[in-house]
Amino acid sequence: MDKLKLLRELLAKETDPAKKQAFEDEILKEIAEQERLKAETKASVKLDEATRESAKLRSQLQGLGASIDGGHAPAGSGITVGTPGIYKGYRLKAEIATLMRGTDKSREKHAVIHAEFKADPERAERVAKFWIDLYDQALKQPGHQVDVHFKEGLNEGTTTAGGFLTPTEQSDVWDAYARDESVALQNCRIENMRSDVKLVNKENATVSSLSGVAVNTEATAAAVVSPTVDQTTLTAKRLDGYTHVTNEDLEDAVVSGGFVAQLLDQFSEAVGQTVDSCVFLGPGSPVSGVFKSAGYSVAFGSSSAAFSMLLESDIRAIIAKVVKGSRFKFYSHRSTLWNTIYNLQDGNKRPLFLPSMVAAAPGSILGFPTQEVVQAPSTSAASTGFIVFGDLYGFLIGKRSDAISFFVDPYTKGLAHQTIFAVFTRYAFAQHLANMYGRIVTSA
């Protein structure tokens, strides 16, 4: 028993008005559902019939090649003589069907065109007749070259004579330079901050192995041990910037993934490089960078203000000053690394810098890894630190914001139909344990 029949029987037996109403509602829903299924079935049958007819038509078109006036029509052109629905001896209906549905090979490439013809059958008929007229003219005048341009000879080469109709093609790919990663965020110690100021404890004076803990004879009193402690203050500062773009540009720019995504990518790189600038080049506000000051320094001799005057002994001297650890590296600008350090040799003509031929890292100097820093001195000048050696874990970076905030403001410049895009984040910087790194400095 089907559902509709069962519901009607239940309705006939029911005496409660509320339940009778519920059964009646259910019966109406079931009737509507059955009608919907019938309509879908009919549509499916019609679609199958249309598909079979289309396949039959394509088969006929591909097999046609009847000769006309002693000549031969191209295979699959759909041209024949004396059949119903002809136009000048051509199967007009077949030509129109080709325009509206296309062939198997052309359907994917020209889906939009076929859709337009399908929506406007009269236009498809006009186009079919136009091309049939041209083909007919070519058959009747074999020596005449059919010109498919308009009367005035429009062409792409001249803008006003047809060139405006074929706009220049533009790729939607956005080609970008490689993004510079932040070296500081990879190597410094990161402190998360829940307020604008954070204090971090550190050693000041330690227990000396000779004066604090000494070797004594029997009955000799131990000396007083007096280590001291200190604190480093992190104060969050805002890093920000913005740009504005016309709304027309946002709507019309041909960029894969969207123009805004490219802006965010650029802003992210800019924030990372600003962090590096503070850590390495910081002029004093908010911090003095490690190329400006460090726990140790090796200075060039008098009148030696050019980076090219770097000696092998300067490299050994800075290594000798800093207590070594597993995280120790050399940091310099890429031009310094490859133009100056690359040529250094020891007394036995052995190179100090061994570039890596396989790894992503540039290589090593006397066994210590090197890292290129974009935000580093690249031009010789007096009193300039241009090489840093040590462990940047002694430098603190405070993160007050968990991420970069990306704001979109369509209102401030709304009357000019422009949108503002801005980034805001907050960081703090401080040299914490400066004796964990040193620098090589040119002469004053």
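The values are calculated or read from the model by the stated rules, or taken from the named source; none is laboratory data. What you see is a predicted model; the values in this text were computed from it and never measured. Counting neighbours? That spans all protein chains shown, and the Cβs are built from the backbone with ideal geometry, glycine included.
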Q. Does the range 295-302 contain at least one residue that is aromatic (Phe, Trp, Tyr), within 22 Å of ASP391 (Cβ to Cβ) and either over 40 Å from the mean Cα position of the chain (by Cα) or surrounded by fewer than 20 Cβ atoms within 10 Å (Cβ to Cβ) (or both)?
A. yes
Q.
Report every pair of residues separated by at least 6 positions or lying on different chains whose Cβ atoms are under 9 Å apart, first residue within the range 334-356 and in the same structural domain as VAL374 (by TED's automatic domain parsing) and surrounded by 17 or more Cβ atoms within 10 Å (Cβ to Cβ), second among the small types (Gly, Ala, Ser) and part of a helix (DSSP H, G or I).
A. THR340/SER308
Q) Is it the case that the range 371-379 has a residue that's part of a loop (DSSP other than H, G, I, E, B), within 22 Å of SER268 (Cα to Cα) and small (Gly, Ala, Ser)? A) yes
**Q.** Some residue of the range 358-372 being in contact with a Phe, Trp or Tyr (Cβ under 7 Å, 6 or more places away or on another chain) and touching a residue at least 60 places away in the same chain (Cβ under 8 Å)
**A.** yes
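Could you tell me how many of the residues in the range 403-422 are of a type in the set (S, T, N, Q) and surrounded by 15 or more Cβ atoms within 10 Å (Cβ to Cβ)?
Just the residues of the range 403-422 that are of a type in the set (S, T, N, Q), to begin with: 405, 412, 418-419.
Remaining after also requiring surrounded by 15 or more Cβ atoms within 10 Å (Cβ to Cβ): 418-419.
Total satisfying the criteria: 2.
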Q: Quick one: VAL298 ticks every box in (1) out of contact with any helix residue (DSSP H, G or I) (no Cβ under 7 Å at 6 or more places or on another chain); (2) modelled with pLDDT of 95 or more except a single one, so which number is it?
A: (1)
(Q) Take the conditions assigned by TED's automatic domain parsing to the domain that holds ILE315, of a type in the set (A, V, I, L, M, F, W, C), in a strand (DSSP E or B) and more than 28 Å from VAL275 (Cα to Cα) and apply them to LEU396. Does it pass? (A) no
Q) What number of residues within the range 357-402 satisfy the criterion of being buried (at least 21 other Cβ atoms within 10 Å of the Cβ), farther than 21 Å from LEU310 by Cβ and among the aromatic types (Phe, Trp, Tyr)? A) 1
